[in-house]
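Working notes for the structure below.
The values are calculated or read from the model by the stated rules, or taken from the named source; none is laboratory data. Because the structure is a prediction, the values reported are computed rather than measured. Glycine also receives a Cβ, built like all others from the backbone with ideal geometry; neighbour counts cover every protein chain displayed. With ligands, DNA and RNA removed, areas are computed over all heavy atoms of the protein, side chains included. Shrake-Rupley method; radii C 1.70, N 1.55, O 1.52, S 1.80 Å.
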Amino acid sequence: MTDWFTTAIVGPGRLPLFFMMLAFATAFAFIRISTRMIRADVPWWPGNVTPGGLHIHHVVFGLVMMLVSGFGFIALATYHTPAANCVLAAVFGVGAALVLDEFALVLHLRDVYWTEEGRTSIDAVFVAFAITVLFVLGVHPLGFSGADVDTDDAATTIASIVLLVVQYGLTTIVLLKGKIWTGLFGLFFPPLLVVGAVRLGRPRSPWARWRYGSRPEKMRSANRREDTLRGPANRAKIRVQEALAGRFDGDSTS
C-alpha cells in the first residue's frame, strides 16, 4: 500500500488533492454530526454561532476558508512548496465541504437545510467528493490534461478538438435531459454519455419540456420510466442520504 501510495499519489504530484479529499470528507462528517446534535438539542454540544442574535451559517466560514486558501495558492504555492500546498489544499477542502453542505440554502436563498429541498446539498457533496476521488486516482475528463491534445501535428490536433466538442456536446444533452450523475461521470467514462444521450430524458427536465410537449407518447414513456426505474433508485438514495445526514422534514418516502 505504501509503494502504491508513493507511486500513484505522491509521484504524480497528487498529494495536495489527496489532502483536499480527506479534509473534505472529514469536514462534511463533522459538520453533519454537529448539526444533528444541535437539532437534537444535546445540552453539552456547542450550539449555533449567533453573535448578537445573528445566526451565522457555516457556509460563511466555508467561503472565507476557500477565499483564503485560494489566495494562498495563487500568491504562495509552487511546486517547490509541497507542505504548503497540502495545507492550503486541506483548508480549501474544509471550506468546500462547509459551503456545499449548505448549497441548497445558497441555491434557494432561504434556510432549507432540513427540508426536502435540502437534499440538494447532499447531492452536491456526493458529486464533489466522487469527482475528487477520480482526480486523486488520476482519472480525468478529456481536455484536463496536456496529453489529451497533441499540438505538434495538425491532423491530430483537429481530431482531438472534434473529439472534445463531441464529448462536451453529448454532456450538454445528457445534462439537459436531467441526468446529472450520468453527465458528470460520463466526462470520465465517455460511453455513459452515449447511453444517456440516446435514452429518454427525465419528465421534468428542460429536454422533456422542449421536445416532448407535442409528443405525449414520449412523455408517457418518460413518466413510466421515472416511476419504474428512478423511483426505487431515488428511495434508496434518500435512505443513504438520511443515514449520513439525518432525516429531512416533510419526507413522505421514509
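Quick notes
- Restricting the stretch 27-39 to residues that are open to solvent by 70 Å² or more (accessible area, probe 1.4 Å) and without any contact (Cβ under 8 Å) to a residue 40 or more places away in the chain leaves a set whose member that is farthest from VAL133 (Cα to Cα) is ILE33.
- Residues (surrounded by fewer than 10 Cβ atoms within 10 Å (Cβ to Cβ) and of a type outside the set (Val, Ile, Thr)) located in the stretch 56-82: ALA75, TYR79, HIS80
- Pairs where the first residue, in the stretch 201-213, is in contact (Cβ under 8 Å) with a residue 12 or more places away in the chain and the second is surrounded by fewer than 20 Cβ atoms within 10 Å (Cβ to Cβ) and among the β-branched types (Val, Ile, Thr), C-beta under 8 Å, 6+ apart: TRP207/ILE173
- Out of ASP101, ASP123, sole residue that is within 23 Å of PHE185 (Cα to Cα), open to solvent by less than 30 Å² (accessible area, probe 1.4 Å) and among the acidic types (Asp, Glu): ASP101
- ASP227 falls short of the stated requirement of being farther than 23 Å from LEU134 by Cβ, touching a residue at least 60 places away in the same chain (Cβ under 8 Å) and either open to solvent by less than 60 Å² (accessible area, probe 1.4 Å) or not polar (S, T, N, Q) (or both).
- Single unsatisfied condition, VAL49 versus (1) touching a His at 6+ places or on another chain (Cβ under 8 Å); (2) open to solvent by less than 30 Å² (accessible area, probe 1.4 Å): (2)
- Selection count where residues are open to solvent by 20 Å² or more (accessible area, probe 1.4 Å) and within 10 Å of LYS179 (Cβ to Cβ), scope the stretch 201-211: 2
- Residue ID - least open to solvent (accessible area, probe 1.4 Å), chosen from residues in the stretch 178-200 that are over 20 Å from ALA124 (Cα atoms) and assigned to a loop (DSSP other than H, G, I, E, B): LEU200
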